Amino acid sequence: MAVRKKKTAKPKLLSGGNPQIPKADGDAPVQAYITAMPGWKRAVGRYLDALVARSVPEVRKAVRWNSPFYGIEHQGWFLAFHCFTKYVKVTFLNGSSLRPLPPVKSKHDHVRYFHIHEDDEPDEELLESWIKQASMLPGEKVF
């Protein structure tokens, strides 16, 4: 009897090329999201994931609302990112407390954004500083 291997469907890409990944905890769904990111955005996703993991060794990962989220257990989520057509949006959930402030305002007073476009070379020292600062602040929606 021949055993058929079940084909795994590629995640659907939503508007802006954002992968549709089911809500789940852990590294595996985050890696599935990153793998499904289209084109140059995949390299940005790998870069951000590695930078967060290196900067905050105790980080917890999950996918929520079709975005990777990063947090500290019993403290909550501090960072997420999301694909848009022309950039990857890095969300600092308590970004208004970071110094210097991430450059893009939100309609939420405490949230700030940083956009990474295709040809950008982000200041890694600054990003790492924001990530470390954010990881020490109370986060959003404790696990």
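The values are calculated or read from the model by the stated rules, or taken from the named source; none is laboratory data. All figures in this text were calculated on a predicted structure; none of them were measured in a lab. Cβ sites come from the backbone with ideal geometry, for glycine too, and all protein chains shown count toward neighbours. Just so you know, the surface numbers come from the protein's heavy atoms only, side chains and all, with ligands and any DNA or RNA stripped out. Shrake-Rupley method; radii C 1.70, N 1.55, O 1.52, S 1.80 Å.
Using +1 at the Cβ of each Lys and Arg and -1 at the Cβ of each Asp and Glu in region 40-110, identify which of 47, 62, 76 lies farthest towards the dipole's positive end. My answer, from the dipole projection, is 47. Residue ranking by accessible heavy-atom surface, 1.4 Å probe, largest first, among 91, 35 comes out as 35, 91.
With all protein chains in place and a 1.4 Å probe, the accessible surface of the chain carries 54 percent carbon and sulfur.
Can you tell me the dipole magnitude for the chain around its Cα centre, using point charges on the Cβ only (Lys, Arg +1; Asp, Glu -1), in Debye to the nearest 20? Value, rounded to 20: 980 debye.
Rounded to the nearest whole Å³, what is the per residue volume of the convex hull around the Cα atoms of region 60-143?
Output value, Cα hull per residue: 96 Å³.
Each residue was assigned an accessible area with a 1.4 Å probe, and for residue 89 the value is about 40 Å².
For the chain, calculate the relative contact order in percent as a whole number, restricting contacts to Cα pairs under 8 Å that are 6 or more residues apart.
Details: 257 pairs, mean separation 30.5, N = 143.
Relative contact order comes out at 21 percent.
Tell me the Kirkwood radius of region 81-122: reciprocal of the mean inverse pair distance over distinct alpha-carbon atoms, in Å. About 10.6 Å, per the Kirkwood formula over Cα pairs.
Decide, for region 32-72, between rounded, prolate and oblate: order the square roots of the alpha carbon gyration tensor eigenvalues as a ≥ b ≥ c, take rounded if a/c falls under 1.5, and otherwise choose prolate if a/b is larger than b/c, else oblate. The shape class here is oblate.
A 1.4 Å probe run over the chain, with the rest of the protein chains in place, finds 60 Å² accessible per residue.
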